[in-house]
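S.K.: Structure in structure tokens, see below.
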Amino acid sequence: QQQQQQQQQQQQPAVVPKPQPTVVPKPQPVVVPKPQPTVSQRTTPLPTATASSALSNKIPTVDIKQQTALKFVQSGQVNQAFEYVLSASDLNLVIYLCENIRPTELFSIQPCQLQIPVILSLIQQLAADLTTHQELKYSYLYEALICPDLSHPSVRDYLYNVLIDLNKKLYTYVQTNPTTTMAKRFQLLYMASQGLVQKILQQRATPINQISSSK
């Protein structure tokens, strides 16, 4: 029996285990990070050459004019300083110069350091707007009204027109702002200006009276 079993076992085909398939892992895709866009830390664009040059030329313009006016004063050329600022058509520049020179000291020197055309132009520009820098304008206008010499006919005619315009500005301010502290001071200035107008009219009439009395 053992021989038969051995023969049967030899006759049975040998069972060979099936080879297991080799599992090859799939290659993982290589993830390449996207390049980040370069962000500039500057948030405002750089000005162009034209804009920057225009800006640099514009900013110091007022400072240069102020320095020029002060240089005239420091060199003793006060009349030239006021001529310079009055011809610039810039009231702020006129105010700047007035703030740096005390009117009492300016007009107390005899003969007056300012020529008559400069004084009259100064009166006109300071009286253009009486709502700003009132104390300064009052002080300058008060001193300026004392300075002109009424003996010259040409001065009288020019001054007469300037005073008429000044009186209108003063009267309008007093009527519009009767309760303000400056109203009383401008009222006194108005009366002083009116007195000068009357003197000019009297001096205009004096030669005519003399001629008529001599006949």
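S.K.: Take the alpha carbon gyration tensor of region 61-205, find the square roots of its eigenvalues, order them as a ≥ b ≥ c, and report rounded if a/c is under 1.5; if not, report prolate when a/b exceeds b/c, else oblate. Display every interim value, and only then the final one.
M.R.: Numbers: a/c = 2.02, a/b = 1.26, b/c = 1.60.
Cα axes put region 61-205 in the oblate bin.
S.K.: Also, I was wondering about something else. Express in nm, to one decimal, how much length is gained between ILE64 and SER151 on full extension, taking 0.36 nm for each residue of separation and deducting their alpha carbon distance.
M.R.: Answer, rounded to one decimal: 27.4 nm.
S.K.: For a test of understanding, tell me how many lysine pairs in region 97-215 have Cα atoms under 21 Å apart, given they are 8 or more places apart or on different chains.
M.R.: Details: LYS137/LYS168; LYS137/LYS169; LYS137/LYS184; LYS168/LYS184; LYS168/LYS199; LYS169/LYS184; LYS169/LYS199.
Lysine pairs satisfying the spacing and distance rule in region 97-215 number 7.
S.K.: Order these peptides, 119-128, 69-78, by their mean beta-carbon neighbour count within 10 angstrom, highest first.
M.R.: 119-128, 69-78
S.K.: Using a 1.4 angstrom probe, figure out how much accessible area region 112-215 has per residue, in square angstrom, rounded to the nearest whole.
M.R.: I get 56 Å² per residue for this part.
S.K.: Of the accessible area of region 61-205, with the probe set at 1.4 angstrom, what percent is carbon plus sulfur?
M.R.: 53 percent
The values are calculated or read from the model by the stated rules, or taken from the named source; none is laboratory data. It should be emphasised that the depicted structure is a prediction, and the values quoted were computed from it without experimental measurement. Every residue, glycine as well, gets a Cβ built from its backbone with ideal geometry; the counts of neighbours run over all protein chains shown. SASA here: full protein model, heavy atoms, side chains in, ligands and nucleic acids out. Shrake-Rupley method; radii C 1.70, N 1.55, O 1.52, S 1.80 Å.
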